[in-house]
Each structure stands twice: as C-alpha cells, then as structure tokens.
C-alpha cells in the first residue's frame, strides 16, 4: 500500500482529504502537518526508505511566512527524489509553473474531481509529472508567453510574483532600481498587462 503525507493549515480540509484518499483502499496516511516547520520536523524523522511517504501533498498557502513552494524546495534539499503534489485553490498557469520550478512532480487544484485527484496521486507516486487536465492548455499558453521574455525579464517577473518591491528586486539582482522599472515596463508590454494588479490576476489567480 502506498503512503502519503499531507500539509495543509485547514484542519477540516486536511482531514477530509486524508479520509477520502484512504477510503480508496490503495493509500495510507503516514502523517500530516499545518506549517513549514512542523512539516520539516516530522518528515526528517521519516527519512529511511521504508518510512518516507510515497507522495507529499503540499498546499501552497500554509501557516507562517514561508509558503508551499519554499517547503517543497526544503523537502528536496534533505530528501532527494521526494515526490510532491502541490494542490491549491488557485489555478493560474503562474502558480503551476512555480510549483514545477521549485521541484514538485505534480499540480492539482482543490476543485478537481475526486477521480482526478487519485489519478494525480498515482501518477506522481510512479515518478511522472501530472498537471490537472483542464489546466494544461493555459499552462502551455503561459509557456509561450514566457518564451518571449529575456532571462533577466523572467527573473524580474518571478520576483514580482513573490511580492517583492522594486527596491528588493534591484537588491536581489544587483542592479539599479531604474533598470528594474524599465524591465517591468517591457514585461507589461510583452504579457499584455497595464499594472502590477493585472499581472497578479493574470499569473497568480
């Protein structure tokens, strides 16, 4: 029987998902957590091959300052080959892209059907990438948009989507704030947005 570990700061939802998956008869819940620190602490006690879960279900929004993307990265830092399925109430292509960039193996939304959720779990457990089927076309379109950006523009976009200020972006990339403003202007033009709010709605909602 395959095992899963779930990380979500909504207790009722976490319990509901766990009970549903276990009722399928093919899965056993090996643990759960509500925050970044709790998840890391528990998973580090399960690092042996016979104890580590086959799939870790990670909500993007969890308790504390660090989100689910940072959590996936940290899990992979100490457990190479860990398989993480990101699930979220948000379904934008930008969220999906960030999920895979941080090392997740799959993405499923919280509005997906029960059947597809189980399909995603099995696919990820087998080591294959999974994207919720209804979101594939928008994800491909997002990839086409990103291909029009330069490497630096993509770096700036990623930091914008992490809610970094222009000053923080400039500091992070080691360039002048005015240069950041120019990059942002070009990004707006290429992706068809007029301001930061439209950018967030396009890629993070």
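The values are calculated or read from the model by the stated rules, or taken from the named source; none is laboratory data. A quick note: this is a predicted structure, and the numbers were derived from the prediction, not measured. In this analysis, Cβ positions are derived from the backbone assuming ideal geometry, glycine residues included, and neighbour counts consider all displayed protein chains.
Return yes or no: is residue 163 in a loop (DSSP other than H, G, I, E, B) and either modelled with pLDDT of 90 or more or out of contact with any strand residue (DSSP E or B) (no Cβ under 9 Å at 6 or more places or on another chain) (or both)?
Yes, satisfied.
Output the residues belonging to the stretch 64-100 that are part of a strand (DSSP E or B) and either surrounded by fewer than 17 Cβ atoms within 10 Å (Cβ to Cβ) or modelled with pLDDT of 95 or more (or both). Working first, answer last.
As a first pass, look at the stretch 64-100 and keep what is part of a strand (DSSP E or B): 84-88.
Of everything in the stretch 64-100, those that are part of a strand (DSSP E or B) and either surrounded by fewer than 17 Cβ atoms within 10 Å (Cβ to Cβ) or modelled with pLDDT of 95 or more (or both) turn out to be 84, 85, 86.
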Subject >> Residue under evaluation residue 140, criteria (1) under 27 Å from residue 83 (Cβ atoms); (2) surrounded by 13 or more Cβ atoms within 10 Å (Cβ to Cβ); (3) without any contact (Cβ under 8 Å) to a residue 12 or more places away in the chain, criterion not met >> reply: (2)
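Out of the residues in the stretch 174-193 meeting the condition of being within 19 Å of residue 93 (Cα to Cα) and exposed (fewer than 13 other Cβ atoms within 10 Å of the Cβ), tell me which one is modelled with the lowest pLDDT. Spell out how you get there, then give the answer.
Residues of the stretch 174-193 within 19 Å of residue 93 (Cα to Cα): 187-193.
Adding the requirement that they be exposed (fewer than 13 other Cβ atoms within 10 Å of the Cβ) leaves 189, 192.
Values: 189: 91, 192: 85.
The residue in question is 192.
Could you list, in sequence order, all residues of the stretch 30-58 that are outside any loop (DSSP other than H, G, I, E, B) and touching a strand residue (DSSP E or B) at 6+ places or on another chain (Cβ under 6 Å)? I'd like the intermediate steps shown before the answer.
Residues of the stretch 30-58 that are outside any loop (DSSP other than H, G, I, E, B), as a first pass: 30-33, 35-46, 55-58.
Result: 30, 31, 32, 33, 35, 39, 42, 55, 56, 57, 58.
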Subject >> Residues located in the stretch 59-68, provided they are at negative phi, touching a strand residue (DSSP E or B) at 6+ places or on another chain (Cβ under 8 Å) and free of Cβ contacts under 8 Å to residues at least 40 places away in the same chain >> reply: 60
Original post:
Restricting attention to the stretch 48-63, and to residues there that are surrounded by 15 or more Cβ atoms within 10 Å (Cβ to Cβ) and over 9 Å from the mean Cα position of the chain (by Cα), which single residue is farthest from residue 80 (Cα to Cα)?
Top reply: 63
Original post:
Which of the following residues is farther than 30 Å from residue 57 by Cβ, in contact (Cβ under 8 Å) with a residue 40 or more places away in the chain and outside the structural domain of residue 79 (by TED's automatic domain parsing): 190, 177?
Top reply: 190
Original post:
When both residues are 6+ apart or on different chains and their Cβ atoms are under 8 Å apart, which pairs have a first residue that lies in the stretch 110-127 and is closer than 14 Å to residue 82 by Cα, and a second that is part of a helix (DSSP H, G or I)?
Top reply: 121/21
**OP:** Could you please let me know if residue 161 is surrounded by 13 or more Cβ atoms within 10 Å (Cβ to Cβ) and touching a residue at least 24 places away in the same chain (Cβ under 8 Å)?
**Re:** yes
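Out of curiosity, is residue 197 in a helix (DSSP H, G or I), within 23 Å of residue 67 (Cβ to Cβ) and over 18 Å from the mean Cα position of the chain (by Cα)? Walk me through how you get there before you give the answer.
Values: in a helix (DSSP H, G or I): yes; within 23 Å of residue 67 (Cβ to Cβ): yes; over 18 Å from the mean Cα position of the chain (by Cα): yes.
So residue 197 fits the description; yes.
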